[in-house]
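The values are calculated or read from the model by the stated rules, or taken from the named source; none is laboratory data. As the structure is a prediction and not an experimental result, all values here were calculated from the model. When we count neighbours, we look across all protein chains shown, and the Cβ atoms used for this are built from the backbone with ideal geometry, even at glycine. These accessible areas exclude ligands, DNA and RNA; they are computed on the full protein's heavy atoms, side chains included. Shrake-Rupley method; radii C 1.70, N 1.55, O 1.52, S 1.80 Å.
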Amino acid sequence: MTADTLAALAAVIVTWVLARRLEARALRQLLLLAASYLFYGVWGGWFLAVLIASSVLNFYLGGLIRRRRTAGALWIGIACNLLLLGLFKYLPALAQTAALGASEADLVRRIAMPLGISFWTFQALSYLFDVYRGEELNPSLVEFCLYMAFWPTVLSGPVCRLPQMLPQLREAPGFRHEDVVAGTTRIIQGLIMKFALAEILAVGLAPGEGVVGGFDDVQGGWGALDVWLLAIGFGFQLFFDFAGYSHLVIGTALVFGVRLQENFNRPYLALTPAIFWTRWHMSLSFWIRDYVFLPLATLRRGRAWVYLVLVFAMTLFGLWHAPKATFVLWGCYQGFLLVLHRLGQQAKARLAPGRPAFAGGFLSWAGTFAAISLGWVLFRANDLGQALAMLGALFSPAAYSRLALPHSFYVLVPAVTIGYFAYEAVRAVLARWREEERGRANVPAVRLVAVELCQLLRARAWWWLAPVCFAALAVTLIRLLEQSAAVSPFMYTLF
């Protein structure tokens, strides 16, 4: 499997390099589509068949909606996509709770969910919604299939939209120096986040001493400090894993001249839950906002209706991950957080407290960080009973003196957390210093030389960063495919 995957990846990269230089658009797009299908087909021929069927179906559904822009035609498209998604993603889980015969249960268990089906199904739905709204979208069948199967995003997003992707898929820009530099930098950043930071939090300094062991190996008896650190640790593990993957995808696409939507924007620096959800999994958050929350919120007037829709949209966000009670409650919890934030903003406007801006900002950030982190217990817990037991420890005074995790865990999570915030602080200071130096008229010679040297190194970085990056990527792929399956290679391929 290792050799096949690496060979397919190499073939995809070579095909894209050659295809981007072709002037004939139709031939170029066919080669790009073949490369994307080759990449996805390595993970399973049956998966590829489902992806192709979904792509062709939605292409013709879009044509139907374009000809007959009615709610009925749109609902036919929505139903087809939800039925396909439900068959692979929700039916096996729901069947476990139903009384089925032995043959039926065995048949359901054999249903394997195609990788990335949640992501490319949402891409198909966004196309149908945009056509229904009157967007001028006229993709060919090959262009639409390429949009659905675009190889960097087909496994775990970001969730793309056709109005942004179609013009880029029709161009042949070649390789731009700025894109190669920026894309390579993003790839290296993603490798560090995904294969170093996320894995050390998951596994720990020794096997079983990380977040995975804290949730899966400890059978009850968590102390309150354990719950806080597991919640924070898993939140950062998920962030490094998925944000790192997003950097890999966005950087790879950028090297080939395709710009994708950002997926993470320093969410743990958010001062409110509302800001957090404009920075975390942004492609899906904005999808829920644009195609679920806003259409429903405009159906009726009144704050109560808006709050109800807000909770419903976030509950749908949780259900999108899996049909489990913990995910549904996590989404509902996030919805109530957003409602409480809006109520707090209204109270703040009426009371107009005289708290200093810095103190108010810090308290707002601390409250948001704590509330979001506690929500990760619901997201990660193996079942509802475990989630309730862990959250219940927070309300037991005796639990604050009880420790159930390995001693190294109490060092690992605070060290990674503090290190991340220190890195963001240093980066902000350096960025501000660079802007100030550029704007000054009289800059000391030494500092001016330092600024120019940094610019020169950055401008020439692609000569040495690109080979290092792709060598590191090959090594990490080999390691990834040979390692134990105890830790998921990409956490969001599970959804």
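In this structure, does Leu85 turn out to be at pLDDT 90 or above, under 24 Å from Val328 (Cβ atoms) and either touching a Leu at 6+ places or on another chain (Cβ under 6 Å) or not β-branched (Val, Ile, Thr) (or both)?
yes
Mind telling me which of the residues Leu319, Leu343, Leu338 ends up being at pLDDT 95 or above and either in contact with a Gly (Cβ under 8 Å, 6 or more places away or on another chain) or under 21 Å from Ile275 (Cα atoms) (or both)?
None of the others qualify; the one that does is Leu338.
If a residue must be assigned to a loop (DSSP other than H, G, I, E, B) and either charged (D, E, K, R) or open to solvent by less than 10 Å² (accessible area, probe 1.4 Å) (or both), how many such residues does region 205-252 contain?
4
In region 161-211, how many residues are under 26 Å from Ser126 (Cβ atoms) and without any contact (Cβ under 8 Å) to a residue 24 or more places away in the chain?
Counting residues in region 161-211 that are under 26 Å from Ser126 (Cβ atoms) and without any contact (Cβ under 8 Å) to a residue 24 or more places away in the chain gives 1.
Cβ contacts < 9 Å: first residue buried (at least 18 other Cβ atoms within 10 Å of the Cβ), restricted to region 6-25; second residue in a helix (DSSP H, G or I) and of a type in the set (D, E, K, R), any location; separation 6+ or different chain. Result?
Cβ pairs passing all conditions: Ala19/Arg28; Arg20/Arg28.
Picking from Ser156, Ser118, Ser126, which residue would you name as being of a type in the set (S, T, N, Q), in contact (Cβ under 8 Å) with a residue 40 or more places away in the chain, closer than 24 Å to Phe317 by Cβ and outside any helix (DSSP H, G or I)?
Testing whether each residue is of a type in the set (S, T, N, Q), in contact (Cβ under 8 Å) with a residue 40 or more places away in the chain, closer than 24 Å to Phe317 by Cβ and outside any helix (DSSP H, G or I) leaves just Ser156.
Working only within region 316-347, note down all residues that are closer than 26 Å to Leu115 by Cβ and either open to solvent by less than 30 Å² (accessible area, probe 1.4 Å) or touching a Phe, Trp or Tyr at 6+ places or on another chain (Cβ under 7 Å) (or both).
The answer is Phe317, Gly318, Leu319, Trp320, His321, Ala322, Pro323, Thr326, Phe327, Trp330, Gly331, Gln334.
Restricting the search to region 253-292, which residues are surrounded by fewer than 22 Cβ atoms within 10 Å (Cβ to Cβ), among the β-branched types (Val, Ile, Thr) and part of a helix (DSSP H, G or I)?
Answer for region 253-292, where residues must be surrounded by fewer than 22 Cβ atoms within 10 Å (Cβ to Cβ), among the β-branched types (Val, Ile, Thr) and part of a helix (DSSP H, G or I): Ile275, Ile288, Val292.
Among the listed residues Ala7, Ala34, which satisfies the condition of being part of a helix (DSSP H, G or I) and at pLDDT 90 or above?
The conditions single out Ala34.
Being out of contact with any Leu (no Cβ under 9 Å at 6 or more places or on another chain) and not aliphatic (A, V, I, L, M) is the filter; apply it to region 26-59 and report the residue that is least open to solvent (accessible area, probe 1.4 Å).
Selected residue: Gly45.
Has region 173-190 got any residue that is in contact with a His (Cβ under 7 Å, 6 or more places away or on another chain), in a helix (DSSP H, G or I), surrounded by fewer than 17 Cβ atoms within 10 Å (Cβ to Cβ) and of a type outside the set (Val, Ile, Thr)?
Yes, there is a match, as at least one residue in region 173-190 is in contact with a His (Cβ under 7 Å, 6 or more places away or on another chain), in a helix (DSSP H, G or I), surrounded by fewer than 17 Cβ atoms within 10 Å (Cβ to Cβ) and of a type outside the set (Val, Ile, Thr).
Say whether the condition of being open to solvent by less than 50 Å² (accessible area, probe 1.4 Å), at positive phi and within 22 Å of the chain's Cα centre (by Cα) is met by at least one residue in region 156-171.
yes
Which residue is farthest from Asp241 (Cα to Cα), if the candidates are limited to region 129-153 and must be of a type in the set (Val, Ile, Thr) and not in a loop (DSSP other than H, G, I, E, B)?
Val131
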